[in-house]
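The values are calculated or read from the model by the stated rules, or taken from the named source; none is laboratory data. Nothing here was measured: the structure is a model prediction, and the numbers come from that model. Glycine also receives a Cβ, built like all others from the backbone with ideal geometry; neighbour counts cover every protein chain displayed. Each accessible area value is taken on the protein alone, full model and side chains, heavy atoms only, with ligands, DNA and RNA left out. Shrake-Rupley method; radii C 1.70, N 1.55, O 1.52, S 1.80 Å.
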Amino acid sequence: MSARNPGKSRLPSSKAPNLSKHLQSGVNQKSGSEMAVVTSRGITLGKGDSRYWLQSGKLVSDPRWAGAFACRIQAQGRREFFPLRTSNKSSAAAKAARIYTDVAALGWDEALKKHKPDERHSKTATAGDLILAVQELADVRPTTLASNVNAFRRIVAAVAKIDSTKSRFAARGTGRKAWLAAVDAVPLAIITPATVEAWKLSFVAKQAAGDEIKARSARNTANATLRSAKSL
């Protein structure tokens with residue numbers, strides 16, 4: 001810029017608000033929690049805006065509802081899971097935005113009565129709850145996460161004595177959805193060191209059929225499955 005024209009070095013007043021938006025952190029300075037996201041265009045998206053929930057990772061697919069979306073709302077030092085009961089992402093995003101707005105405006109108690117009226121909030125945690133939480137927070141490759149989740153479900157199904165038919169591997173049809181729903185509904189409380197050890201012993205005995213070489217291979221398989229599942 002020329003020293004003779006210092007005025008040209010200033011931003012036009014109409015651009016100044018955009019600059020301030022680019023500098024927003026989107027963080028609540030009191031709580032330290034993320035309150036909004038600033039887009040590349042400098043537009044701040046709060047959680048009450050459906051566009052916030054359309055961003056990658058903001059919604060999760062809930063296997064207990066045949067692939068429908070779900071969200072987790074965090075506000076006022078509290079966090080709750082909400083099934084959105086729709087597989088349409090735009091509709092799910094709009095619902096998530098409404099829920100957050102109600103939490104902020106009405107408080108947790110009233111928002112829960114409105115959006116989860118039939119649910120007992122002290123319900124027992126299930127295998128599906130753990131998987132959903134891991135899918136939201138895990139910082140690993142998708143293939144690694146999928147492998148770990150499959151190993152965990154395999155053990156849960158065996159402990160809960162849920163039949164594993166060939167239909168659970170089918171990409172289409174209701175067999176896999178029904179199997180996933182049954183496994184994910186299993187209470188975490190029954191997955192104990194004792195029940196897991198019983199699964200391992202049963203698995204090895206069934207695979208070995210009295211053959212020590214097969215028994216060694218089965219133990220290796222069981223241990224690998226356990227390591228993968230425990231990583232959750």
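Looking only at the range 215-228, decide whether some residue is aliphatic (A, V, I, L, M) and more than 33 Å from the chain's Cα centre (by Cα).
Checked against the condition, which is being aliphatic (A, V, I, L, M) and more than 33 Å from the chain's Cα centre (by Cα), the range 215-228 yields at least one hit.
Can you pull out the residues in the range 148-165 that are surrounded by fewer than 16 Cβ atoms within 10 Å (Cβ to Cβ) and under 20 Å from the mean Cα position of the chain (by Cα)?
The one that is surrounded by fewer than 16 Cβ atoms within 10 Å (Cβ to Cβ) and under 20 Å from the mean Cα position of the chain (by Cα): Asn150.
Suppose we filter Arg219, Arg172, Arg168 for residues that are open to solvent by 50 Å² or more (accessible area, probe 1.4 Å), of a type outside the set (A, V, I, L, M, F, W, C) and either in contact with a helix residue (DSSP H, G or I) (Cβ under 7 Å, 6 or more places away or on another chain) or modelled with pLDDT of 85 or more (or both); which single one remains?
Working: Arg172 fails: either in contact with a helix residue (DSSP H, G or I) (Cβ under 7 Å, 6 or more places away or on another chain) or modelled with pLDDT of 85 or more (or both); Arg168 fails: open to solvent by 50 Å² or more (accessible area, probe 1.4 Å).
Of Arg219, Arg172, Arg168, the one residue that is open to solvent by 50 Å² or more (accessible area, probe 1.4 Å), of a type outside the set (A, V, I, L, M, F, W, C) and either in contact with a helix residue (DSSP H, G or I) (Cβ under 7 Å, 6 or more places away or on another chain) or modelled with pLDDT of 85 or more (or both) is Arg219.
Could you tell me how many of the residues in the range 193-216 are open to solvent by 60 Å² or more (accessible area, probe 1.4 Å) and part of a helix (DSSP H, G or I)?
Number of matching residues: 12.
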